[in-house]
Structure formats: C-alpha cells, structure tokens
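Scroll down for the structure; my scribbles are underneath it.
We did not get these values from a lab; they are worked out from the coordinates using the rules stated. Because the structure is predicted, anything quoted here is derived from the model rather than measured. Backbone-built Cβ (ideal geometry, glycine too); neighbour counts: all protein chains shown.
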Amino acid sequence: MQSSQDKNQDPFYKPPTHVHKTSAEIINEARHALRSLKTQRPFTPREDQRKLFGAASSRTADSRPPSSFSLHSLSFETSDSRPVSGTRLSPLPHTPKFPTLPPVEDVGTVTLPQPPAQAKRASLGRSRLFRALSHGNIVSDSDIISDVGNNVHSSEDMSFLSKADVVQVAPPVPFNHNPLQTNSLRNIALKQSKGPNVPEKPNGKNECDLIGSRSRPSSCPSHTEITLHGKKPVSESGTTMNEAETEEETVYWNKEVSPILQNLQLAQQDGRIEDICWICTDLHKALENGNMLEKRCKRRALILKILYKLVEMGSDKLGLIVAKLILALKVSGKNLLNICKLVFKISRTENNDCLFQNDNIIDSLLEVLQSEDLQVNSEAFLYCLGAIKFLSGNAVILDELLQKQTVEILVALIKSVSQLSKAAGVGSSLNMGHLLVQLTATLRNLADLSPSRPKFLASNALAELCVLLDLYMSDKDICTNVSRILSKLSSYNDCCLALAECYNCYGLFLSALNMHPKKQDLVVRIVFILGNLTAKNNRAREEVYKQERSLKTLLCLLHSYCEHDRILQSSNEKDETKNPKRPSDVEDILIKLIRLLANMSIHPTIGTDLAANENCVSLLMQILRYKSIDDCEELVINTVATVNNLSYYQDDSSVIVDRRLEIARWLLKLLLCNNMDGILEVTRVLGNFTRYQDVRDFIVQQSVYKFMVTLVDAKHQDICFSACGVLINLTADRNKRALLKDEGAIKKLLDCLRDFGRWDWQLAGLVCKVFWNLSENLTDAEICFGKEESILLLNLLSSFLDEQIALDYGWSGDLMEYHKSCWNMEFKPVAKQLMNRIMSHHSYLEPLPGPM
C-alpha cells in the first residue's frame, strides 16, 4: 500500500513508462517535443521578356539558339511540296578516268588550262551542274530545282519531278575535259529539259493568273529526249499520271479553290490584311471540305508557294492563320522549322495572346509534337515548345492547354527524349537539351493548376522527371526547371507520397546539391522538396539519411550559406531599404535547410546523430547569435524549433545537452520580443532543458519563471501548454513552489483550466500535474490552496470528470474518438487523484453541484 502511495505521489514531470503507447500519448509527445516544420514554397519571379532562355539561364549567348530572327518567303523551300516517291535512284555504271600526270620533275613546267572569261562568269548554280556532269554524278533534286529551274522555268513547274527520276543529260566527261565542250553539253541539256515547243510564261503573269487553267502545256520533257527511269506519264496539270487529279477533284478545284486563290492575289496586291485573313480562312475550309489538307492535294506545291509569300506582309494575325494552314498541309524539314519559328516569333509578344485564344492553332502545335519525328525535327520542336511555353504564361491559355492533354503529351515527349538520350548519349544533340528547357518550363506552369495533379500522377510524370534529372544532371537549366516542377507538386500530399515512392530521387537530389552547390535557385528548391518528403514520412527520412555523405552534404551547405549570409548582413546593416518581412535568397536557403534538418531529426536514429554532431549544433547556435527575429523571423524560429527537436534526445553523446546553459542564455533575448511564435518555440526548448537542475536554477536567477507564470494567462493554447510544461519541471524543486505561488500562479492556472479545459484535455491534464506537484505534501497543500481556490478547483474537477458533461460538445467521428482518448489517458487519471488529495486534506469542503 505504501509503495502505491509513493508511486501516486511521484512528480508528473517524469516520463511515462507505458509499454504500448496510445495515439493520445503519441500526439502528446509530439506536442511536447518533436514537430515537423512548414515553410513557403520558394518564390519564382516572372520574367519580364519572353525569351527561349531567361536572364538566369546558365547557357551563354553563343551556345543557345536565337530568340530573335527574321523570316521571309525565301526562307522556305519549294522542294518540300514535291511529291515523295519511295523509289531510290540507281547509281550509274561509270568510273571516271584520271588524266596521266607528267613525271615529278616536269611538274613545275606544266601549265594548267584556264577557263575562258565567259566560263568564269558562270553562275554558282551553273558551275555546280558542270561539276556534277564532269564527275559523272547524278543530278540531285535540289540541283534540278536551283539550276535547271532557275534557267528554264520556275521551281513549282518542276514539282512533278520525284526523287526516283534519273536524268542522264550527257555521257560523263573526264577531268581533263574542254570547258567549251561542257558548255555545249550544258546547252543541249537545257534544251532537252525544256521540251519541244514549250511556250514561255506570259510577261507579267504569276501562278495565280494560271490557276484553274487546264490548257497549259506540260512542262515535262519528252521520253525521246530525256531518259526517266521509273517515271510515269505526266498529265496536263503538272502531276504524274499515278497522282493525277480525278475529274471530281478538278471540278472542285476550279469551282471552289481557284476563285479563292484569285481573290487572295487581288487582296494581296491591294495590301488588304483583313480581307486576306478572311480569304485564307475560307481557303482552309475549302481545302478541308475537299479533303485536300495534309499531302492529299495534287496542287499543294502551288498553294504553299502562295502562302509562303504572305509571311512577308508582317501581320501577326495573318501570320497565325497562314501558319495554321501550312501546318495543316503537313510541311516538313526546313519549312516546318520556319513555321514553328513564325509562331514562336508571334507568341513572344504578350499582346498577341488574344490571337491564340481566338484560334485553335494550339491544336496544330500539339499535333506537331505528337506526329512529327523528334530526332529529325528537334530544332522545330524547340521553337514549337518555346511558343507553348510563352502561351502557358497566360492564365486563360494555360487552362486551355491543360484541357488539351498537354501534360500527357509533354510527359510522353520527355520519355522519348530520355530514350534517345540513353541510346545516342546526352551530348549527341545539343537541341535536345535546349528543347527540354522549354518543355520543363511549360510543365512548371501547368503544375500551378490544381486539376493538373491527377494528370501528372496518371502519366507517371514524377518518375520520368527523375529519369530526366539523372540524364541531364550537368545541365543547370534543366535541373532547375525539374526542381521547380517537383517543388510545386510535392507541396501536395498525393504527389508528395508518389514522389517518396521513387526511391532513386533521394540520391539524385543529393547529387544535384553536390554538383551545383552555388546555384541558389536550384539548391533552395531541392532542399524544399526534401523537406516536404521528410515532413510526414519516416521512410523518406531514412532514405535521405542512408545516402552516402548525406548529412555532410547538408551541413556543408548550411555552413557555406551561413557564412554568405553573415557577409551580406554586414554589408546591409546600414541599408534601410531592406524589407525584413521577406527573406533574402540566401536566408530562404537557410530556412529550407534548417527545416529539413528539423524534419529529419524526428527519426530517433537521425535525431540522436544530429544532436551529437558538434558542427550541426555550432551552426545552429551561430545563427541564434548573429540573427535577430527582426532580421528574419522564419529563420530564427525554425532554428529554435530545430534546437527543440534535438533537445529531446538527452543521452550522454548529445552536444545540445552539454551546451544547454549556453543555448538557454541566447534564447532569453527571444522572450523579450513581441513575436508569439518565437516565444512559443523558446518556451518549448526550456520545457526540455528544465529537466536539468542547472537550467532550473538559471531560470530562477534570471527571473524567467515570472515570465512563465505570465504565459499561463495567455489566450493561446499552445503557449499555455508549453508554459505549463516548464512549471511542472520547476515545481519538482520544493524551494521554487513558493515563488510560483507568490507570482499568482494558482489563480492563473485555475483560469487556464476553466477557459481551455473542455476543449483541450492535454492542457487540462498538464494544469492538474502542476497542481499535483504543488500539493505534494500537507504543508505545501495548506500553503498552496486557499478556501476559495480549493472550492473552485474541486468544482472544475467534478464537472470535467463527468463524462457526459465533459464530452458533450457535438464532436463526432474521429474527432470524438480523439477527444475521448485524450480525456481518458491525459486528464482523468491525474484529475481524480488530485481531487481525492484535496478533499482528503480539506474534508470540510464539498464541490458545488452542477457544471461550472
């Protein structure tokens, strides 16, 4: 029986000895000591100008594609509009004969033949044909267009020539040929290629003058003059017979398309931009209705050449309409690149966003990303993605992009780039890195939208971004953009849990910190992501900790940026323009780093390791010494909270425990500030440190106990809770109980119990523990409670111990279960013992009936 009384009279500041902890006990311990910290996501300023690469880009001007350029009709190639044949050219059976050289000793006397003056004046295109003939090579498509086309007729008239055409103009000529003979052969070739009785194009006429004409003689050379291997007969319209227009197509062309093109020519001559825009829209509809889009139109070459000339008119509205139509005609190669450049150029002006909202050209851009060959058209993809990136800065268009499955398209594109990079090597194509910067910047904007998160999760975007980070670790711009995406997504529980399951991400993040420790916008985001992962996930804490040299990496960063911040603070001491409410970039990194350490310290092994780390504790104390709460509130508060977490581990190896008095002295200045969050964190640390006699004596010497009594009267539950924790430890010393009574602690504790008891059973339990320690023996009980105070306390305890009254506040579900658990575990045991003790010493007192 005696042992039972001794057990019941033990001070409540001693830690519990339960084998199995309840949820209420776990919550109570967390409230007493260890807490994860929250912070704001790093701020990303909006760029003033729309460029492929912003001012913060690590790419030099020489190593990146231009954001500004000029476009004109000559930028486009008419060869893109020629029909493509699957037949390959057969090589000619010819081996050139080299002239016999004179002996070595006679070389100096040999006079090489010089071409006549007329030959020197030959055009570059003509000389290329001479070289081709002299070497016996087959004339290529581009040579035919540039050489023959320029001298005989326009390139669109040659559009019937396919890559399968073999044009043998003359027998091969040896290297020691006579230039005059070559000129004769050239004239014969031109005469033969022109064909018999081909009339010249009328003066002053262009393509539109001849649109719809069916009587135009064919520009195809005859079979008797030029050998065409695999060539089909040619129709009057300029198309091969196997691709000749059907009668239905010809009628549709003459009735629907030809008049529109004629109107387009007239409007272009008059410079009527609005009319041209409407006519181009009508042309698009006509071609679509006639099933002539993509490469199905037999006169596609003519349409494209007309559209290319409209680019020079300088109208952004017209440029988008033309670009949309050209993309619908499925151009490729250089023409696709130029159209993407055109759209990119228009999208650079923010005022043009309304043009993109009124047109569905975004669909065409997204189709390019889905249907075209990434490896062949990487530069076109670059400008296409650049335009989409600019447009994603507009809130209305951003929402439209999300609805058009842009997230899924871009994630699929990331996967394709990753596969190409693994196969060919990351450095094989510089354009891949450039376009990934645009792609990831667009995803960064899309990540701002709440409805985008399910799309990121469904498309496995987080894992693909980790693969990308691994492949392009050395590219600072790509790493920064990936970190921006993940910092946004990891702020939400569902995405944070998904990222935590990517177990390779922890090593990648630490590798990025080691590789780019001075790139602040990258460091702050990666540390923020790790802070999010470790906030609620013990497995994530373990994964970070077990990475090689992880703590050393984090502490090295902390040391580096602490020194940097001290230097900046010294230079800014007289700077009155500094806004103390907003942390600097360096301070923001320190905030995120310390938050990460605080979250990791919740794990017992990691917390013990950090508490025993001299470097870690010294850096935390250094921040407390040179940084005031007015300089950077969040940094100081997070530092004190980290000290609080580490002070929970009180084994012999703890540096925090060894230096507790030094830390307590530095914390006292925070109690004098007007910041309640700072006061709360300091009180929590003192709640752990006052377990030691020297700290309790120090608090009494510095009159800090008076401040603790005042805090019990605060209208802030957490502050009252922490202050009661300090008072519990102080009342363990009998010589300090009278000091607390003299400061009015009894009345303030009763007010706290009455105001917060029914809402916070943990706090009510702590107040009862303070009363228990104060009334540890009869003498102290007589000193402690007066008659009026005893009656009030008994009535409060009687009311709160009635389960019906105590829990009758409309709680339901999990909340009701939590409050009931806290009432049973935290309040009821100590309240019943306290009530019995008071009534046994004051038998003449009876609690008043009914609730208080």
**Request:** Quick one: dipole size for region 297-407, taken about the Cα centre, charges +1 on Lys/Arg Cβ and -1 on Asp/Glu Cβ, in debye to the nearest 20.
**Result:** 640 debye
**Asked** Going by how many other Cβ atoms sit within 10 Å of their own, how do 708, 473 line up, fewest first?
**Response** 473, 708
**Asked** Given a Förster distance of 30 angstrom, what is the FRET efficiency for residue 289 paired with residue 354, based on the Cβ-Cβ distance and rounded to 0.05?
**Response** 0.60
**Prompt:** What ranking do 652-661, 331-340 get when scored by the average of other Cβ atoms within 10 Å per residue, highest first?
**Reply:** 331-340, 652-661
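If we sort 745-754, 727-736, 519-528 on the protection proxy, mean other Cβ atoms within 10 Å, highest first, what's the order?
Ranking, from highest mean packing down: 519-528, 745-754, 727-736.
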**Message:** Set the bar at 23 Å for Cα to Cα. Now go through 389/415; 309/334; 334/476; 324/404; 295/415; 536/769 and name every pair that lies beyond it.
**Reply:** 334/476; 295/415; 536/769
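What does the highest-first list of 353-359, 375-381 look like by mean Cβ count within 10 Å?
Top to bottom by mean Cβ count within 10 Å: 375-381, 353-359.
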**Prompt:** Using +1 on the beta carbon of Lys and Arg, -1 on that of Asp and Glu, and nothing else charged, what's the dipole of region 590-683 about the Cα centre, debye to 20?
**Reply:** 140 debye
**Prompt:** Which order do 716, 603 fall in if you start with the one that has the fewest other Cβ atoms within 10 Å?
**Reply:** 716, 603
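Taking other Cβ within 10 Å of each residue's Cβ, how do 592, 255 sort, fewest first?
Neighbour counts put them in this order, fewest first: 255, 592.
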**Largest-first principal axis extents of the Cα set of region 404-511 (Å)** = 37, 33, 20
